[in-house]
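Structure first, commentary second.
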Amino acid sequence: MSKKQTLVVIGNGMVGHNFLENLVASDIKDDYDIVTFCEEQRAAYDRVHLTEFFSGKTAEDLSMVTEGFFEDNNIKIHLGDKAVAIDKARKFVTSAKGVEIDYDKLILATGSYAFVPPVQGHDRENCFVYRTIEDLEALTAAAKNAKVGAVVGGGLLGLEAAKALKDLNLKTNVIQFSPRLMSAQLDGGGAEMLARKIEALDISVLPSKNTQKIVDGTECKHKMMFADGTNLETDIILFSAGIRPRDEIARKSGIEVGARGGVVINDQCVTSDPDIYAIGECAVWKGETFGLVAPGYQMGRTVVADLQGQAASFTGADMSTKLKLNGVDVASIGDAHAKTTGSLVYTYQNGADEIYKSLVVSADKKKLLGAVLVGDASGYGTLSQYYLNSIELPENPDSLILPSRSDESVGLGPDALPDSAQICSCFDVTKGQICSAVENGCHTIPALKDATKAATGCGGCAALLKSVLDCELEKSGFEVNTDICEHFAYTRQDLYNLIMVEKIKTFDDLLEQHGSGHGCEICRQAIGSILASYWNEYVLAQGQLSVQDTNDTFLANMQKDGTYSVVPRMTGGEVTPDGLIAIGQIAKKYKLYTKVTGGQRVDLFGARVDQLPPIWKELIDAGFESGHAYGKSLRTVKSCVGSTWCRFGVDDSVGLAVELENRYKGLRAPHKIKFAVSGCTRECAEAQGKDIGVIATEGGWNLYVCGNGGMKPRHADLFATDLDKETLIKYIDRVLIFYVRTADRLQRTSVWMENMEGGLDYLKSVVIDDKLDICESLEDHMQNVVDTYQCEWKTTIEDEEKLKRFRHFVNSDETDENVVFVEERGQIRPANEDERRHFALVEEA
């Protein structure tokens with residue numbers, strides 16, 4: 001057996017840790033004993049979101065290390081111990097605590113440090129940098145006795161730091177050396193718009209200020225003296241004037257560094273020593289350092305591949321950026337400053353809505369070279385695809401940033417994607433590989449899955465995979481079958497229109513008039529969903545029961561052991577003490593496992609089917625309704641406490657959440673729907689990860705649509721801003737019913753949006769501009785849903801005939817003896833197979 005080699009990683013920041021994750025996931029994991037040094041007392045945490053520390057996140061929340069990661073992968077981590085020397089000749093690393101580790105391969109992931117301009121007084125008390133959690137803790141302590149703060153630096157980190165000072169209730173100033181904010185990413189127009197929006201948040205922006213020295217202040221602790229003769233008094237100074245590579249250990253060890261710092265690496269990220277690599281912000285590649293984590297991750301993957309003996313190269317990185325600064329959407333792509341020879345610039349500016357967009361295109365107007373978006377970055381995804389894949393621009397490139405002025409579609413269908421476009425991220429399957437498989441005879445989704453593994457991981461790419469398949473088949477002259485199944489030669493949208501136009505109310509009638517055979521699980525459940533969406537009738541009514549899926553049949557979610565969960569609705573996450581007591585008493589009486597869900601309500605597990613009616617009877621008597629957790633329908637409307645309780649809240653998020661949940665609680669849809677309402681841009685309700693998200697602003701409500709936090713997370717698109725409540729609800733009505741009518745079977749809103757030709761702009765034209773002249777119909781449909789709502793469980797327990805369904809045995813009231821629980825942490829859980837054979841620890845109720 002060959003002896004293991006030792007691999008040492010110096011630095012356990014985001015890049016160093018990501019490298020370790022890739023290494024242990026590779027097939028060379030067992031070739032190395034792995035050791036890492038981390039000079040901080042905490043292992044890797046998310047520095048990109050440090051500002052969220054001031055919004056209530058803890059150091060644990062920001063941690064990037066999964067529980068047991070180091071132990072499970074046999075990685076020795078030296079926390080709070082800095083590697084200080086490398087002996088290249090003898091190949092060992094020495095730490096500040098005297099630890100010496102021999103290495104065969106060494107990875108430098110030492111990151112960067114905050115640059116502090118060497119002005120007189122920069123080291124005075126209450127002068128900070130913004131790099132670590134310890135920095136934030138020191139800043140928080142100092143802010144308790146301060147009123148004014150100043151950030152030196154108006155770049156990405158500087159503006160994030162300004163938000164931190166604002167969150168600490170300090171009068172905040174941003175001191176910028178250059179004439180404009182984010183000068184590396186934004187052009188003049190974008191920077192000017194950003195400054196205007198930042199100042200509207202009560203943060204002063206002072207451009208073109210060269211700090212000469214810092215002395216004692218008269219009214220504040222410090223006085224900053226500027227070269228133009230002006231000054232600013234402040235209690236706290238936060239330096240965020242850029243970063244510098246941490247290359248001191250490389251310098252001391254004789255490893256080559258760049259003229260402006262940074263460890264010099266080649267395309268394989270190897271330094272001047274063939275056994276030492278450097279990755280992340282400490283590295284310099286062809287004279288360039290990279291201040292984002294993504295290029296560092298890319299370097300790490302290159303090193304893992306190189307260690308495996310695979311051909312891999314780091315060839316630079318796309319530095320496009322999209323982020324939200326103090327609630328302001330900002331994005332920058334490629335050559336934002338139009339430095340490319342012959343490039344052309346298109347600019348759109350909406351002063352009223354404070355939106356600025358610019359496009360930089362090639363001289364022939366065929367390729368996108370760069371872009372700047374401020375105030376509305378919803379087009380970032382489409383623009384970045386044009387940029388990254390060199391997709392040819394539409395005839396009028398400015399249509400990509402202008403409000404919809406014509407019928408020209410700017411959506412990207414599958415045919416527009418290049419062969420290199422990644423379709424399945426789980427197994428890194430490209431469009432080219434899929435097209436090749438189709439060409440070789442894979443003409444069905446199952447065949448494609450077998451051949452490429454695409455859509456066999458999380459499944460989030462399944463819709464796109466089908467789009468590519470259909471597109472390739474059509475191009476090859478095949479007729480693409482879009483029938484929902486063999487019994488109906490129609491799409492789901494066709495069936496919906498038939499039911500709506502011909503007023504069909506049952507599956508049997510639809511089958512008789514437009515179908516064939518007896519139907520199957522696919523068409524029955526799809527049509528059952530459509531009938532429920534359109535007519536909103538009781539799903540267990542005569543003629544409807546046979547088209548419901550298992551969960552709808554019993555109005556509860558079946559669990560792995562055959563028991564069911566019970567989820568009463570708690571609108572907006574609100575519940576009274578008496579309500580909580582009632583739930584507790586019911587759970588205790590029926591010995592149910594209780595858990596608070598992410599949707600801000602209480603889930604009760606372990607109910608037998610015969611227990612469902614009495615449990616629901618008691619819940620309804622206590623004032624609760626069905627939570628529809630079993631249906632493809634509105635689940636929850638999550639909310640923060642809003643302006644009623646929170647000192648940062650600007651509007652009543654709970655009140656609106658309750659109103660929205662009560663309005664849409666009966667709506668059946670192609671898939672489940674989740675809402676959230678946040679009372680301010682701090683976004684504690686995480687509205688931008690929901691199908692429908694609403695955020696309060698000083699000007700009204702901002703509406704976001706088609707977000708998703710499930711298998712394939714998707715950031716919601718900003719649909720409209722500063723809406724009054726009446727308009728907000730009107731738009732939500734229209735979006736939801738348009739989704740119900742046009743989405744495919746079992747299609748979430750996020751996938752629906754991604755497959756919609758014309759994308760967000762098209763949806764806006766339908767919902768806001770009434771392009772299809774259907775808005776009145778959409779609103780009428782929703783109002784009918786609202787007016788005909790019924791609690792399905794209340795209807796059920798009032799009908800003795802319907803209650804007969806809730807028995808284990810058709811001809812007996814005996815219960816199922818196979819339901820066995822054991823106790824864990826004071827509650828029940830299903831017994832596993834071994835426990836089921838040997839124990840019966842909990843007596844059944």
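The values are calculated or read from the model by the stated rules, or taken from the named source; none is laboratory data. Just so we're clear, the structure is a prediction, and the values are computed from it rather than from any experiment. Here Cβ is always computed from backbone atoms with ideal geometry, including for glycine, and neighbour counts include all displayed protein chains. Heavy atoms of the whole protein, side chains included, go into the accessibility calculation; ligands, DNA and RNA do not. Shrake-Rupley method; radii C 1.70, N 1.55, O 1.52, S 1.80 Å.
Working ranking of peptides 197-207, 255-265 by packing, defined as the average number of other Cβ atoms within 10 Å per residue, highest first, is 255-265, 197-207.
Extending 7 Å from Cα along the Cβ direction at Ala200 and again at Arg647 yields two label points whose distance is 2.6 nm. Positive end of the dipole of the chain, charges at C-beta (+1 Lys, Arg; -1 Asp, Glu), about the Cα centre: which of Thr742, Ala607, Ile530 has its Cα farthest in that direction? Result: Ala607, furthest along the dipole toward the positive end. A 1.4 Å probe, protein heavy atoms only, puts the accessible area of Lys97 near 140 Å². For the chain, the fraction of 1.4 Å probe accessible surface lying on carbon and sulfur atoms is 48 percent. Calculated mean residue ellipticity at 222 nm for the chain: -8500 deg cm²/dmol, from DSSP H runs with n ≥ 4 weighted as -39500 (n - 2.57), summed, divided by the residue count and rounded to 500. Using a probe of 1.4 Å, the accessible surface attributed to His518 totals some 150 Å² when neighbouring protein chains are kept in position. Principal axis extents of the C-alpha atoms in region 434-565 (largest first, rounded to whole Å): 49, 41, 23.
Reported to the nearest whole Å, the Cα centre-to-centre distance from region 343-358 to region 186-207 is 15.
With the charge dipole of the chain set up from +1 on Lys and Arg Cβ and -1 on Asp and Glu Cβ about the Cα centre, the Cα lying farthest toward the positive end among the listed residues His487, Ala161, Ser63 is that of Ala161.
If you model region 302-363 as an ellipsoid using its alpha carbon gyration tensor, with each semi-axis the square root of five times an eigenvalue, the axes come out at 35, 19, 6 Å, biggest first. Projecting the Cα atoms of Ala138, Gly758, Leu667 onto the charge dipole of the chain, computed from C-beta unit charges around the Cα centre, puts Ala138 farthest toward the positive end. Rolling a 1.4 Å probe over the protein heavy atoms gives the chain an accessible area of 45 Å² per residue.
Among 757-768, 470-481, 161-172, the peptide with the highest mean count of other Cβ atoms within 10 Å heads the list, and the full ranking is 161-172, 757-768, 470-481. Here Gln212 and Arg244 are evaluated by their C-beta separation; at R0 = 25 Å the FRET efficiency comes out at 0.70. Ordering 23-34, 558-569 by mean Cβ neighbour count within 10 Å, with the highest value first, yields 558-569, 23-34.
In this Cβ point-charge picture (+1 for Lys and Arg, -1 for Asp and Glu), the chain has a dipole of about 2020 debye about its Cα centre.
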